[in-house]
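Here's the structure, in structure tokens; my notes come after.
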Amino acid sequence: MARVTTAEPARRSEAGSTLHLVATAIVVAVAAAAPLPYGSVDDVWVATWCLPLAVSLVLFDLRRVTAVHAAMLVVAVALIGATVLAAALQSVPAAGFPAAPVWAEAERLLGQPLRQTVSVDPAKTQAALCRPILMALAFGCAFLAATERDGAAILMSGIRWIVAVLALYGLAAHLLDPDSLLGIEKFAYREDLTATFVNRNTAATFIGTGLILWTARLTDQLDRRVPRSAAGPRDFGAALLNAPPLTLVAALACTFLCLAALLMTKSRAGILLSMGGAVTVAALCLRHRAPGYLAVFGGVGGLVLVGAVLLELLGGAVAGRIGGQGLIDESRLAAYGTALDMIRAAPWFGSGLGTFADVFPAHRPAGMSTSGIWDRAHDIPLEIAAELGIPFAALVVLVFVAALAKLLHGGLTRRRDADIPIAAFGVGLLGCLHALVDFSAQIPGFGAVWMAVLGCGLAQSVRRPAPVAQTTSRWAGTGLDVGRRVPAVSA
């Protein structure tokens, strides 16, 4: 009978950790690559990023997955499964659901029977599944990577630096060659920074994600450097000026880099929500230093005032757009009304996933401006309700509200690394609120990164005992600054 030595479990553990690191690196690589080809709006790129993420799923070490983690994964799998099932039922004739009225009209005009479905374009509905699948893979892979503490730190650090580098590129490209986008002449937003994206609003939410992540990093570094007994403004100023460590300097520089790039996008909602998210994250990270909630709210008010001054000084064009056009233009309000008409026409089963652009012209009011092509509702919950029905839209909203609540609860109750779920909460809040006025989360180059941050934060929102007490990370010295282990306590 073969003897099992004590070295074999150790070797298996080390091999599992190495594969986990490789899988985490794949997720970071996809997050870095997805924004590059114009936000990966082409389905070819979406399929390209799905492949490595699917491969990484089999490489993760699952020994750190708890029952709570498993429950979260079940919800995520159920949601993407429901999306696939809904799209399939919409695409199959005689599925037991009422067909779209346009099929009866087509039969009358053609004088022959047709294969009637809920979707007005079954082929487009099936093709539209690729983007939700990419988002689900990005979420699931990031979630599994972040069940291991070092994996979470590597992932968040990688995404922070990815956004900072692309923000720097966006600034350089806008200053040196503002009329081109990755070597191709711009057809819109010539005066606005868009980085590698076509739309300035998507660029704003992407760079705003970096602003929030770097703000969380900066406040966490300040929190660690300033003693709890001395938490006044002078103490924080001294921490920044008195021989600050490289990590603190980098966090401060990247925070202002992202802020400068964000303001140059001139996106109204993107800038306001990103700055609001950064302020919220800073207040949450430093909440324990305030003598009470009144002091916290006072600090938040002060940060908002600083943000307003910066907006006026550095983002005068944005303030001008808000003053001249308001926060939402009339055409967008008309589009919302049209989307509501679409929902009333098919409230339970929708018109078919991915068919908004096909159905919109039939409901478009005569008085609406003819400029632009409304291929999206500029309100993701409304678009989901129009395409998949009100019940499905309500389910999606419920899941994301629950996710934000879990992130906030995790950030407020964790004893260590609370900055990860707090930062993810800020990023999640940015994406969810911006989804009410635009479609940035539907662009794969941003959506995949956004879902990865949410997955990482949710995995780290779970409190559990630390199994090992050690003072350094096994990835120490890699330059990723993830060595933050402390003696074993409840997380």
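Every read-out reported here was derived from the displayed coordinates using simple, explicitly stated rules and does not represent laboratory data. This one's a predicted model, so the numbers in the text were calculated from it and none came from an experiment. Neighbour counts run over all protein chains shown; Cβ positions are idealised from the backbone, glycine included.
Long-range amide H contacts for Leu181: which residues qualify at under 5 Å (H placed 1.01 Å from N, peptide plane, sequence gap of 5 or more or a different chain)?
Amide H neighbours of Leu181: Lys186.
Taking the Cβ-Cβ separation of Arg344 and Arg190 as r and a Förster radius of 60 Å, what is the calculated FRET efficiency to the nearest 0.05?
The value I calculate is 0.95.
Among Cys456, Cys258, rank each residue by its count of other Cβ atoms within 10 Å, from fewest to most, as a rough exposure measure.
In increasing order of surrounding Cβ atoms, one gets Cys258, Cys456.
Show which aspartates and glutamates lie in cross-link reach of Lys266 when reach means a straight Cα distance below 14 angstrom and same-chain residues fewer than eight apart are skipped.
Result set, ordered by chain and number: Glu191, Asp192, Glu312.
Could you calculate the contour length gain from Ala405 to Ile373, that is, 0.36 nm times the residue separation minus the distance between their Cα atoms, to one decimal place in nm?
7.9 nm
Quick one: if the Förster radius is 45 Å, what FRET efficiency do Gln116 and Thr18 give, using the C-beta to C-beta distance and rounding to 0.05?
0.25
Rank the residues Asp42, Asp61, Asp179, Asp419 as a footprinting-exposure proxy: fewest other Cβ atoms within 10 Å of their Cβ go first.
Least crowded to most crowded, the residues run Asp179, Asp42, Asp61, Asp419.
If packing is taken as the average count of other Cβ atoms within 10 Å, what order do 217-226, 351-360, 388-397 fall into, highest mean first?
Answer by packing, highest mean first, reads 351-360, 217-226, 388-397.
Using r as the Cβ-Cβ distance of Arg224 and Val92, and R0 as 56 Å, what FRET efficiency do you calculate, to the nearest 0.05?
Working from the Cβ atoms, E equals 0.50.
Among Met72, Met368, what is the fewest-to-most ranking by other Cβ atoms within 10 Å?
Final ranking by Cβ density, sparse to dense: Met368, Met72.
For the residue pair Ala172 and Val102, what label-to-label distance in nm results when each label sits 7 Å from Cα along the Cα-to-beta-carbon direction?
Result for the modelled spin labels: 4.5 nm.
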